[in-house]
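The values are calculated or read from the model by the stated rules, or taken from the named source; none is laboratory data. All of these numbers come straight from a predicted model, not from anything done at the bench. Positions of Cβ are backbone-derived with ideal geometry, glycine not excepted, and every protein chain shown enters the neighbour counts. Areas reflect the complete protein model, heavy atoms only, side chains present, ligands, DNA and RNA absent. Shrake-Rupley method; radii C 1.70, N 1.55, O 1.52, S 1.80 Å.
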Amino acid sequence: QVRLVESGGGLVQAGGSLRLSCAASGRTFIPYAMGWFRQAPGKEREFVAAIDWGGRIIYNSNSVKGRFTISRDNAKNTVYLQMNSLKPEDTAVYSCAGRHDAATMTVNDYNYWGQGTQVTVSP
C-alpha cells in the first residue's frame, strides 16, 4: 500500500503564498504520477495539477496556471504545490493523489489519496 501525507496548508490573505507538500511512502514502487486536487464546500473535487516521474506536467489552465507550480523531488518521494497570488476562491481542501501510470486530470484515475489539507484564503 502507498501512503500519502500532505502538509503546508493554512490561512493566508488574498495575494499571499503557500507551499503544499505531499510525501509518499510504503510500497516499493512509488506512484509514477502524482497530482493535486481540491474540493471546496458544496463543490465537486477539482483537478489542480499533476506531474509524472519524468517531469511531464499538466495544469488546470482555467483556474491555476500561472499562479501555481507543481514539482517533485524523486529522491524524497515528495511532490510540492507552490501557490502564489492566492484568491479567496482557492479556498478548499487540497489532496494529493498517486497512480502507477501517466498523469491525468481525472479523479477516478488515481488509486492513492492523502487525507487532505485545508487552505483558506481570506479577502
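Identify all residues within segment 107-123 that are outside any helix (DSSP H, G or I), polar (S, T, N, Q) and more than 13 Å from the chain's Cα centre (by Cα); write none if there are none.
Those that are outside any helix (DSSP H, G or I), polar (S, T, N, Q) and more than 13 Å from the chain's Cα centre (by Cα): ASN111, THR120, SER122.
Which one of the conditions (1) modelled with pLDDT under 95; (2) out of contact with any Phe, Trp or Tyr (no Cβ under 6 Å at 6 or more places or on another chain); (3) under 18 Å from ARG3 (Cα atoms) does ALA50 fail to meet, given that it meets all the rest?
Condition (1) is where ALA50 drops out.
Looking only at segment 57-70, count how many residues are hydroxyl-bearing (Ser, Thr, Tyr) and either within 13 Å of PRO31 (Cα to Cα) or at pLDDT 95 or above (or both).
The total comes to 1.
Those residues that are in contact (Cβ under 8 Å) with a residue 24 or more places away in the chain and open to solvent by 50 Å² or more (accessible area, probe 1.4 Å), I need them from segment 103-119; list them, please. Step through it out loud before you land on a result.
Initially, segment 103-119 is screened for residues in contact (Cβ under 8 Å) with a residue 24 or more places away in the chain, giving 103-107, 110-119.
Hits for segment 103-119 are MET105, THR106, ASN111, TRP113, GLN115, GLN118.
Looking only at segment 80-102, which residues are at pLDDT 95 or above, open to solvent by less than 50 Å² (accessible area, probe 1.4 Å) and under 17 Å from GLY35 (Cβ atoms)?
Of everything in segment 80-102, those that are at pLDDT 95 or above, open to solvent by less than 50 Å² (accessible area, probe 1.4 Å) and under 17 Å from GLY35 (Cβ atoms) turn out to be TYR80, LEU81, MET83, ASP90, ALA92, TYR94, SER95, CYS96, ALA97.
Looking for something in contact (Cβ under 8 Å) with a residue 60 or more places away in the chain, at negative phi and touching a Phe, Trp or Tyr at 6+ places or on another chain (Cβ under 8 Å) - is there at least one such residue anywhere in segment 83-91?
Within segment 83-91, one or more residues are in contact (Cβ under 8 Å) with a residue 60 or more places away in the chain, at negative phi and touching a Phe, Trp or Tyr at 6+ places or on another chain (Cβ under 8 Å).
Please work out if ASP73 is without any contact (Cβ under 8 Å) to a residue 40 or more places away in the chain and touching an Asp or Glu at 6+ places or on another chain (Cβ under 9 Å).
Considered against the rule, which asks whether it is without any contact (Cβ under 8 Å) to a residue 40 or more places away in the chain and touching an Asp or Glu at 6+ places or on another chain (Cβ under 9 Å), ASP73 comes out as no.
Pairs under 9 Å by beta carbon, first residue under 10 Å from ALA103 (Cα atoms) in segment 50-64, partner part of a loop (DSSP other than H, G, I, E, B) and at pLDDT below 90, six or more apart or different chains?
Going by the 9 Å Cβ cut-off, the qualifying pairs are ASP52/TYR32; TRP53/ILE30; TRP53/PRO31; TRP53/TYR32; TRP53/ASN74.
Go through segment 66-79 and give me each residue that's surrounded by fewer than 14 Cβ atoms within 10 Å (Cβ to Cβ) and assigned to a strand (DSSP E or B).
ASP73
Does GLY9 fit the bill of being on the phi < 0 side of the Ramachandran plot and touching a Cys at 6+ places or on another chain (Cβ under 8 Å)?
It is false that GLY9 is on the phi < 0 side of the Ramachandran plot and touching a Cys at 6+ places or on another chain (Cβ under 8 Å).
Please find, within segment 111-123, the residue that is nearest to GLY9 (Cα to Cα) out of those that are hydroxyl-bearing (Ser, Thr, Tyr) and modelled with pLDDT of 95 or more.
THR117
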